[in-house]
1. Being open to solvent by less than 30 Å² (accessible area, probe 1.4 Å) and more than 29 Å from residue A:539 (Cβ to Cβ) is the requirement here; does residue A:829 meet it?
2. Does residue B:67 satisfy being of a type in the set (D, E, K, R), away from chain A (no Cβ under 11 Å), over 13 Å from residue A:29 (Cα atoms) and surrounded by fewer than 12 Cβ atoms within 10 Å (Cβ to Cβ)?
3. I'd like the full set of residues that are more than 14 Å from chain B (Cβ to nearest Cβ), modelled with pLDDT under 70 and open to solvent by 10 Å² or more (accessible area, probe 1.4 Å), limited to segment A:467-501.
4. Would you check which residues across segment A:276-293 are touching a strand residue (DSSP E or B) at 6+ places or on another chain (Cβ under 9 Å) and open to solvent by 10 Å² or more (accessible area, probe 1.4 Å) and list them?
5. I'd like the residue in segment B:70-81 that is exposed (fewer than 15 other Cβ atoms within 10 Å of the Cβ) and either at the interface with chain A (Cβ under 10 Å from one of its Cβ atoms) or modelled with pLDDT under 90 (or both) and, out of all such residues, is nearest to residue A:28 (Cα to Cα).
6. What about residue B:99, is it surrounded by 12 or more Cβ atoms within 10 Å (Cβ to Cβ), over 20 Å from residue A:31 (Cα atoms) and at the interface with chain A (Cβ under 9 Å from one of its Cβ atoms)?
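The values are calculated or read from the model by the stated rules, or taken from the named source; none is laboratory data. The shown structure was predicted, so the numbers you read here are calculated from the model rather than taken from an experiment. Positions of Cβ are backbone-derived with ideal geometry, glycine not excepted, and every protein chain shown enters the neighbour counts. Only protein heavy atoms, including side chains, enter the accessible area calculation; ligands, DNA and RNA are left aside. Shrake-Rupley method; radii C 1.70, N 1.55, O 1.52, S 1.80 Å.
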Amino acid sequence: MRDWKALVREHLDLTAFDEGRQERIVEELACQFEDVHADALAEGASPEEAERRALALIPDWEHLSSSLATSHRRAASERLLERSADRLVARRGVWSLLANLAIDLRFTLRSIRRAPTFWAVTVPILALGIGAATTIFSVADGVLLRRLPYTAADRLVSFLDPAFSVPAFEDWREHTTSYDLLAGEWQKRVDYVAGETPEQLRTGLVTPGFFDLFDARPAAGRLFLPDDFDGAPHRAVLSHGAWQRLFGGDASVIGKTIELDGETVEVVGALASGFVSPQGLAGDENDVWVALDPRWEEIQRPGFMVLAVYGRLRDGVSPIAAQKEMDQLTRRLAEERPEIHRNRRGEPRTIQVVPLQSALVGATANTVRLLLGAVMLLMLIACANVAHVFLARGTVRYHELAVRSALGAGGRRLATQLLTESVAVALTAGFFGALLAFAGVGAFRALNPGDIPLVERVSVDLRALAFAVALSLLTGVIFGLAPAWQAAHARGTALRDNRRSGGTRDRAMLHNTLVVTEIALSLVLLTGAGLLFHSFVRLRTVAPGFDVERLAAVELGGGAQYTDDQRRELVARLLERVEAIPSVEHAALAWTVPFQWVGPIRMGWLCEEFRVDGNEHRVQTMIQPVTEDYFATLGARLRGSVWNRAGDRGVVPAVVSESFARELFPSSDAIGRTFQGLEEDENGPLTVRIVGVVSGLHHWGLDQGSEPTVYVPWERFGAPMPLMSLLVRTSGEPAWVLDDLRNAVWAEAPRMPLPNVFTVADRLRELLVAPRFYTTLLSVFAAVAMALAAAGTYGATLYSVERRRHELGIRAAMGAERASILGLMMRRSGTLTLLGVILGTIGSLLTTRTLTRLLFEVTPIDVTTFGVAMVLMALVAIAATLSPALRASKIDPMEVLRTE
Amino acid sequence: MFSPEMKKGSVELMVLALIEDEARHGYEIGKLIESRSDGQIQFNVSSLYPVLYRMEEKGWIKGRWVERPGERRRCHYALTAEGRRVLARERRTWEAFQIAVNQVVGLSNA
C-alpha cells in the first residue's frame, strides 16, 4: 500500500507551520486517505480503483497548501484582535467606550461602501454650510474676538469723540487717576519731497508714552527720549515699511535729517516690522511718527481739536469706573476752564471711554454679527435638510436595525451606532468645509468692501478649525438625534410581524416639522436679502444733484507754505493752464469737491448761527469757498446766478443749498434775500446776499443727504486756508486727462504732492462697493437657503406620498379623480408652507432691525419687501411639491392592491 | 447543488452543530454533512480541513487523538465552551437571516 504520509509530505507545503503542527497535519490527512481507501475496498473496488479514489480526495495540493497557510495567518490576527477587544471591554470605563467606538467606526466604513449616494448627497450640503460658517467665524474672530496684539490689550481704551484739543488732553493727564498711561496722536499728511516725485506721508505726531502703550520696538536707532519732545516737532521715527520703501532699509538714515512740510526733522530710529499702531489695525498705518511736545505754543488753541487719545487703565480699574471718573472730571473742569471743556453750545463736553477694540471696530461689529447670524441660519437649514435624508434612510434600514436587535444589540447600542455614523458624516463634511473656508476667507479678504477694520487679522487659524470641528460635532448630533431615537425603539419582533417599518406617524411628523422650519428660516434670510437689495436699488437711484460723468478731481497738497496772495496767484495761473487743456470744458477750485470725503465726518468750515431781520437762526451749515465756475463745472441744478469775481466788499454774494434756504426763508424765495453770519469784520457780522440756490447736491456721499451749505467766493474766503481741490469737466473720458492735470499742477508748483487724483464716477462706484458686497452676500445665502428648503420640501412630500401609497391607491380605486388626489397632496403642502411663512414672517419682524445701519431709505419692516419675500418663498415651496404630488395622482390602484 | 458562496457561509455552523453532542474526526464530519443533506452538500478535504484548522485556532473546537480498539488512531474534534457559545449565536443569526431573506423574496413563514 502506498505510504500516504510520504505522499502528503511530498505534495503539501507546510513551511508556515512548526514541526509539531506539520506532523499532525500529515498524520490527519494520511488518515483520511486510508479511510477512503478502506471504504473503497470494502465496497468491492479494485486496489487500483481504491487508490484512485483516495488520491481524488485532494485534487489541488497547491490550493490546499495556500488555504492552510491563509487560515493560519488569519487565525493568528483574529485571535490577537479578539483578545485586545476582550481586554478593552473587560477593563470597562473609557476602554470599553473606545472598543465600542472602534466597532462603530468599522460599521460606519461599511455603510459608506454600501450607500455611497447617501454620502454624496449629505456631505456636500453640510460642507457648504460648515465652510460658510467657518469663513464668517474667521471674520468675526479676527475682527471682534481676538485680542489686539498689545500687552494688556484688555486694559487699553480710546476716548470718543474722535479728536480733542491738546489743553484738554493735558488737563486729563493731570487730573485723572484711572490710567497708568495716557497718550495722544495727531494724524495728518505731510509733504515729503526727495527726488522726482513729491508725495504725502501719513504722519502721527505723538505725545510721550505712545510707543510704550503699543509695544513698539526699534529695528534700528532708538525710540523717542524725553528731550525729543521739547519745542516744535524736530525728531522722527520711521515705520518699518517707510524705512524699507524710502531708504531701502539702510541704517545710515538714522541721525540724518529729512524735510516734512518744509520743516527739518532728524530721524532717530526705525520701527521693527512687527509693530502696528491702532490706525494700522484700521488699515491706515503711518509712515512716520514725530515727537509732539504738548506744551508747543502752536497747538494750544482750544478749538484746534486734532488729538486722538489712548490710555491704559490701571490694574483693577474697569472702563465703567474710568467713565464715571471722566464724567465727574469733565463737569468740574467745565466750571473751572469753560473755554476748553465746553462745546459751542456752552454744554460740558461728553467724553466716552471705550475699550480700544470696540472703538476700532465701531459700528462694523453689528455688521459682522449680522453675517454670523445669517450664516448660522443657513447652517440650521442645511442640518434640517440632512436630517430629512437621514430619516428617509431610516425607513430603508429599519429591517437591518430590527435584525440587529434580534441578535441581541440593545436600543442604546444601536442609537450610539447611528449617532457615530451621523457624527462621521458631519466630521467628513467638516473637513471639506474647512478647506472651503480657506477659499472663503481668501475671497472675503480680496472682495472686502473696505469698511471692515482689522481685516488683515482674518485667517483660518487653529481657533477657526476648532470651531469647524465643534460645529461638525454639534450638527452631527443634531441631525442624528431623530434616527438614533428611531433606532433605540427598533424591535426584533417586528420581523415576525412582517411590519415594514415602525413609528411612521412619528417620522412623518418629524419630516413636517423640518419642512416648516426650513421654510421659516429661509424666509428670514430671504427677507433680509430683499431689504438689502431694496436699499441698494434706492441708493443707486439717488440723484447726486450734479452730472457725475466726465468729472475729474485733484486734491492739492502742500499749500501750507504759501501766503494768501501766493495761493490766489497760484490758483489763477493753475485754472488758466488747466482750461487750456484741449478736452477740458470747465475748471474750478474748492476746498473740497463732491465725494472727495464720504461718510458722516465733515471736514471744513462749520457755522451754526445766522440772523435774518434781527431773528436768530441756528442751522448747522458747511461753508464751502469755491471759484465762480464751480457750479458750471459740476453741472449742478442752479437757480439764479453765481457772483462775478469777489463782488461787493461789504456784502458777500453767496449761493446756498435749497435745504439752507428753506431753513432761513421757509415761506419766500431766498434769491435776493440777505442774512448775517459766517464771520465778523471791523463792522460787525458780515452780511451775505443770496444770488443763487442749488438743489439736491450730495457732497459727502449718496446716503448723506443734501445738507445746508453756503457757497462763498474762494478768492475772499478760501485763500487763507491750505485746502485746495481742483475740479474739471471734460468733453471726453475724464481718466484720460488725469496725467495732463498732474503735469499742469507741477508746471505751476513742481514740489506739490497730489495725494488724491480721481474721477468722480470712479469714486461713486467705490461708494457702492460695500452695499453691493453685503447685498450680494446675503442674497447668495438666501438663494442657497431657498434651494435647500425646496429640496427638503420635495423630499418630505415624496416620503409622504410613499407612506400613503396604500391609502391613495384605495382612494383611487374608490373613484377619486386624479385632480382630487393632487388637490389633497397640495393642500397638505400648502398648510405646511403657510405655517412656515407665518413663522418666518414673525422671525423676520423680530430680526430685521439688526439691518437698520445697512439700509438706505428703507425701513426694517418695509411692507413691499416683506410681501414679495413671502410670496416668493411660498411659490418656491409649492413648486417643489408639485412633482411628487403629480406622482401621487398617478398611482395605479391595481398595482397597490396587487402588492398588498 | 448549492453555490460555493452559500456553502462557505454555512460550513462553520454545520461543523459546530455536528460535533455538538459527540466528538468526531474530519472524514466522519464530511460524510455526515453529505448524508444528512441527501448528497446536496459535499465538502472535500481541501475545503473542510482548512475550516477545521481555523476553527481550532480560534478556540471553538479542540482536536484530540483517539485510539479505539481495532482502529488506527484518529484526530477527533469536540466543541469547547467558546464553541458552544458561538454555535448558539450562529444558530440565532441563521434563523434571523432566514426570516429576513424570506420576507424580502416573499416567502411566508412555515
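1. Yes.
2. yes
3. Matches in segment A:467-501: A:486, A:488, A:489.
4. Hits for segment A:276-293 are A:279, A:284, A:285, A:287.
5. B:73
6. Against the criterion (surrounded by 12 or more Cβ atoms within 10 Å (Cβ to Cβ), over 20 Å from residue A:31 (Cα atoms) and at the interface with chain A (Cβ under 9 Å from one of its Cβ atoms)), residue B:99 qualifies.
For every residue, the table says whether it meets (1) open to solvent by less than 20 Å² (accessible area, probe 1.4 Å); (2) of a type outside the set (Lys, Arg).
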position	(1), (2)
A:694	yes, yes
A:699	yes, yes
A:704	no, yes
A:708	no, yes
A:716	no, no
A:720	no, yes
A:723	no, yes
A:733	no, yes
A:736	no, yes
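Every residue, every condition in (1) under 30 Å from residue A:521 (Cα atoms); (2) charged (D, E, K, R); (3) in contact (Cβ under 8 Å) with a residue 60 or more places away in the chain; (4) assigned to a helix (DSSP H, G or I), yes or no:
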{"position": "A:779", "(1), (2), (3), (4)": "yes, no, yes, yes"}
{"position": "A:786", "(1), (2), (3), (4)": "yes, no, yes, yes"}
{"position": "A:793", "(1), (2), (3), (4)": "yes, no, yes, yes"}
{"position": "A:797", "(1), (2), (3), (4)": "yes, no, yes, yes"}
{"position": "A:809", "(1), (2), (3), (4)": "no, no, yes, yes"}
{"position": "A:820", "(1), (2), (3), (4)": "no, no, no, yes"}
